[in-house]
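The values are calculated or read from the model by the stated rules, or taken from the named source; none is laboratory data. Model, not experiment: these values are computed from the prediction. Cβ placement follows ideal geometry from the backbone for every residue including glycine, while neighbour counts extend to all protein chains displayed.
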């Protein structure tokens, strides 16, 4: 693409690579979806084109719902490229290990409120981890990487979203994961209401029991 200079790879993902590049005199993030050789070429192209269009749409709707997301500058469907704002700040993954306990709890409450806004507006992120959340210099928590997101109000999808968040906290911040998740749930409930929050919590419990059952069955057969 024209006007792109000094591309630096900042993240190599299973679906796409992220580059920090200079574009029209400003630093931006370029997300380029890479071809998958295991898929038939035509199908692969259709999938990459669809996701290149779908992701910015979800980000726009998330922003309209009140959830900060990077600005989209350009969508190049032919080359499966999205040019978006470079949000300057720190990943929540890094921050939770650096801030005080009180600050961490406030951050997690804020994150829970934002997840609630997504779900309240029929949006599911699909990959809710602390790596996909950035505390910007303006004090807002930005949600990034909606590549696995979808538009749905299904209870199961909302529960999986929060279950992923819980798993991410347990794997990366195990020392204070329970307290952090409690604050996330409190923020979530303050946005969607106690009844809806309890329904999601019950579904998360079912998902976890299902996971344990599968693991136990696997152990018995190994």
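The condition of being touching a helix residue (DSSP H, G or I) at 6+ places or on another chain (Cβ under 6 Å) and at pLDDT below 95 holds for only one of 189, 168, that being 168.
The residues of the range 115-133 that are in contact with a strand residue (DSSP E or B) (Cβ under 8 Å, 6 or more places away or on another chain), assigned to a helix (DSSP H, G or I) and surrounded by 24 or more Cβ atoms within 10 Å (Cβ to Cβ) amount to a single one, 118.
Just one of the listed residues (24, 54) is outside the structural domain of residue 165 (by TED's automatic domain parsing), exposed (fewer than 14 other Cβ atoms within 10 Å of the Cβ) and more than 30 Å from residue 176 (Cα to Cα), namely 24.
Out of 163, 173, one residue alone is modelled with pLDDT under 95 and surrounded by 14 or more Cβ atoms within 10 Å (Cβ to Cβ). It is 173. For residue 113, the conditions (1) touching a helix residue (DSSP H, G or I) at 6+ places or on another chain (Cβ under 8 Å); (2) over 22 Å from residue 197 (Cβ atoms) all hold with the exception of (2).
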